[in-house]
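Have a look at the structure below before the remarks.
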Amino acid sequence: MALVVLLLAALAFVPALDGVGIRLAELPSRPLDALGVLLILAQTLPLLARTRWPAQVLAAVGAAWAVSQAMAYPASLATWGVLIALYSVGAHLRRRRAVVVLLSLTGYAVTGVILHLRGASLPTFLFVALLLAAGWGLGGFVTEWRARESARRRLAVATAQARAARARVADLVAEQDDNELARTALAELDRLLDELDRN
């Protein structure tokens with residue numbers, strides 16, 4: 001992913017790709033200056049830490065994106081960094097998700113109000129909001145899918161281990177002619193295996 005982030009940062013400076021990014025308002029673009037370059041880098045380079053610190057990366061990238069939008073810099077590829085950051089929060093954030101959602105929505109609303117005061121249209125604002133929500137939602141879906149898949153694998157391993165234990169106990173019972181305790185243990189193992197199969 002580091003290569004993708006660095007490629008995104010580099011491609012953001014290609015003039016032929018201007019206008020390919022996410023733009024909330026059709027305001028007259030200002031030329032790219034030193035602050036614009038810093039904002040491009042701030043929208044891309046923090047993504048290198050997106051799996052380790054997803055909320056902090058979203059805060060940094062989101063703030064840079066909001067400032068870039070409010071100051072009407074060209075919509076470069078770097079603006080897609082906010083969508084990647086939102087996906088990362090959905091996929092990797094484990095705690096305080098509600099707080100991050102609330103702060104993100106607040107930041108987006110403030111950006112929207114500033115842009116509306118500068119002449120942005122509401123439909124574009126709503127479309128981008130849906131796009132950003134989809135990024136977050138996709139990340140959340142991936143997290144849930146991974147959790148279900150991990151639980152399924154753990155259950156399969158537990159079932160295989162239980163079957164192996166049952167086979168060992170069955171061998172021991174077969175060696176003994178009259179061992180009631182071993183037969184009881186075998187019956188209990190069979191019951192547990194049936195329970196695992198139902199899950």
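What follows is calculated from the coordinates using simple rules that are stated; it is not laboratory data. Remember, predicted model here, so these are calculated numbers, not experimental data. We place every Cβ from the backbone using ideal geometry, glycine too, and count neighbours over all the protein chains shown.
Overview of values
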{"quantity": "222 nm mean residue ellipticity, helices alone, for the chain (DSSP H n ≥ 4; -39,500 (n - 2.57); rounded to 500)", "calculated": "-25000 deg cm²/dmol"}
{"quantity": "Relative exposure of 145, 53, 136, 65, judged by other C-beta atoms within 10 Å (fewest first)", "calculated": "145, 53, 136, 65"}
{"quantity": "Ranked by how many other beta carbons lie within 10 Å on average, peptides 154-163, 9-18 from highest", "calculated": "9-18, 154-163"}
{"quantity": "Ranked 103, 181, criterion: other C-beta atoms within 10 Å, fewest first", "calculated": "181, 103"}
{"quantity": "For the stretch 2-133: rounded, prolate or oblate by the Cα gyration tensor [a/c cutoff 1.5]", "calculated": "oblate"}
{"quantity": "Where labels lie 7 Å past Cα in the beta-carbon direction, separation of residue 48 and residue 155 in nm", "calculated": "4.2"}
{"quantity": "Residue 13/residue 148 FRET efficiency (R0 45 Å; Cβ-Cβ; nearest 0.05)", "calculated": "0.65"}
{"quantity": "Extension gain, residue 163 back to residue 126 (0.36 nm per residue minus Cα-Cα distance, nm)", "calculated": "7.8 nm"}
